[in-house]
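> Submitted below is the structure of interest, expressed as structure tokens.
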Amino acid sequence: MVTAATTVRLATRGSAQATAQATAVAEALMAAHPGLTVELVFVETLGDQRTDVPLHTIGGQGVFVKEVQRAVLDGHADLAAHSAKDLPSLAAEGLQLAAFCERRDPRDALVGAALADLPQGATVATGSVRRRALLSAVRPDLHFVELRGNIHTRLSKLPEGGALVMAVAALQILELTDRIAQHLPVESFVPSPGQGCVAVECRTDDAEVAELLVAIDHPATRAAVELERAFLAELGSGCSLPVGAYATEGLLTGFLAEPSSNLHVTKSVTVRGDSDEQLQQAAGLARVLRAELG
């Protein structure tokens, strides 16, 4: 039972994007539960510390979440907010994904110039192997450079005469969508699994906090992101592999590329049945794509 004295501690990274996302979660919780106070607990992760190297060389998926999760497991916080796309496909022991907040725009976007306006051999900055593979499939002439750091740092690294790739949702939460030159369609530029969604974890034995989080769980977003995560889990991969997945209105689209070649495949499947059957179909799509790549 929430009272005026009830306070919960929400762990988050300290970047502008993560802070804005966590603040939105806190405000939604306090609006849903009058009398509740949510305090932010800031945690520095390995991904925040190592901005000098590509993500896939320091562990890929999970580098922005492990220390935040540890704060909850160790009792320094009661819940944790993450960009769902940063979460490994397997749940952390002792934690449960108690809320998937309503998804923002899941698309990628180009900043600097639209794809058709980039000159031959233009430079595109992105730290994502998925984004590189997707853009290379359309424009094999493009030259890619690494891009790391917080949102404002990345925006300051726009290559001369080129572009950089950002998640629309990240620009939305920071009110920077005016920087977008082109939104990339999800059908041909398949997003990262969970992109645009903020997921909230709590301890598996904390029924009271889990009950609080029910109020901000968005069923349609949960159903979609769980399908995308099932696709990713079947591949056993994180962001070190060029992989994308996006589910909406019963349609799941998957993308997979071979890092050492130009081979790539995109396929969609209509998922049917109960939730377990749909998750099995998502895993099946991943197996089909993997088989097609050989």
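> When the residues of the stretch 140-163 are narrowed to those that are surrounded by 16 or more Cβ atoms within 10 Å (Cβ to Cβ) and within 23 Å of T266 (Cα to Cα), which ends up farthest from the chain's Cα centre (by Cα)?
L142
> Right, next: Specify the residue that is farthest from the chain's Cα centre (by Cα); the eligible residues are those in the stretch 224-274 that are surrounded by fewer than 21 Cβ atoms within 10 Å (Cβ to Cβ), among the acidic types (D, E) and under 21 Å from D108 (Cβ atoms).
Per the stated criteria, the residue is E258.
So that you can scan it fast, the table gives a plain yes or no per residue for (1) touching a Phe, Trp or Tyr at 6+ places or on another chain (Cβ under 8 Å); (2) farther than 30 Å from P34 by Cβ:
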| position | (1), (2) |
| --- | --- |
| A223 | no, no |
| F231 | no, yes |
| G254 | yes, yes |
| K267 | no, yes |
| D274 | no, yes |
| A286 | yes, yes |
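> Now for a different question. Report yes if D52 is open to solvent by less than 40 Å² (accessible area, probe 1.4 Å) and either modelled with pLDDT of 95 or more or part of a loop (DSSP other than H, G, I, E, B) (or both), otherwise no. Before you say what the answer is, go through the steps one by one.
Values: open to solvent by less than 40 Å² (accessible area, probe 1.4 Å): no; either modelled with pLDDT of 95 or more or part of a loop (DSSP other than H, G, I, E, B) (or both): yes.
When the stated conditions are applied, D52 does not pass them.
> Would you call H183 outside any strand (DSSP E or B), touching a residue at least 12 places away in the same chain (Cβ under 8 Å) and open to solvent by 60 Å² or more (accessible area, probe 1.4 Å)? Can you show your working first?
Numbers: outside any strand (DSSP E or B): no; touching a residue at least 12 places away in the same chain (Cβ under 8 Å): yes; open to solvent by 60 Å² or more (accessible area, probe 1.4 Å): yes.
For H183, the condition - outside any strand (DSSP E or B), touching a residue at least 12 places away in the same chain (Cβ under 8 Å) and open to solvent by 60 Å² or more (accessible area, probe 1.4 Å) - is not met.
> Working carefully through the options A210, A167, find the one that is open to solvent by less than 30 Å² (accessible area, probe 1.4 Å) and closer than 18 Å to D105 by Cβ. So that I can check it myself, show each step before the final result.
Details: A210 fails: closer than 18 Å to D105 by Cβ.
Selected residue: A167, the only one of A210, A167 that is open to solvent by less than 30 Å² (accessible area, probe 1.4 Å) and closer than 18 Å to D105 by Cβ.
> Follow-up question, since we're still on this one. Just one of the numbered conditions (1) surrounded by fewer than 19 Cβ atoms within 10 Å (Cβ to Cβ); (2) farther than 21 Å from T248 by Cα; (3) not β-branched (V, I, T) is not true of H218; which one?
(2)
The values are calculated or read from the model by the stated rules, or taken from the named source; none is laboratory data. Remember, predicted model here, so these are calculated numbers, not experimental data. Virtual Cβ from ideal backbone geometry, glycine too; neighbours counted across all protein chains shown. Accessible surface areas use protein heavy atoms only, side chains included; no ligands, DNA or RNA. Shrake-Rupley method; radii C 1.70, N 1.55, O 1.52, S 1.80 Å.
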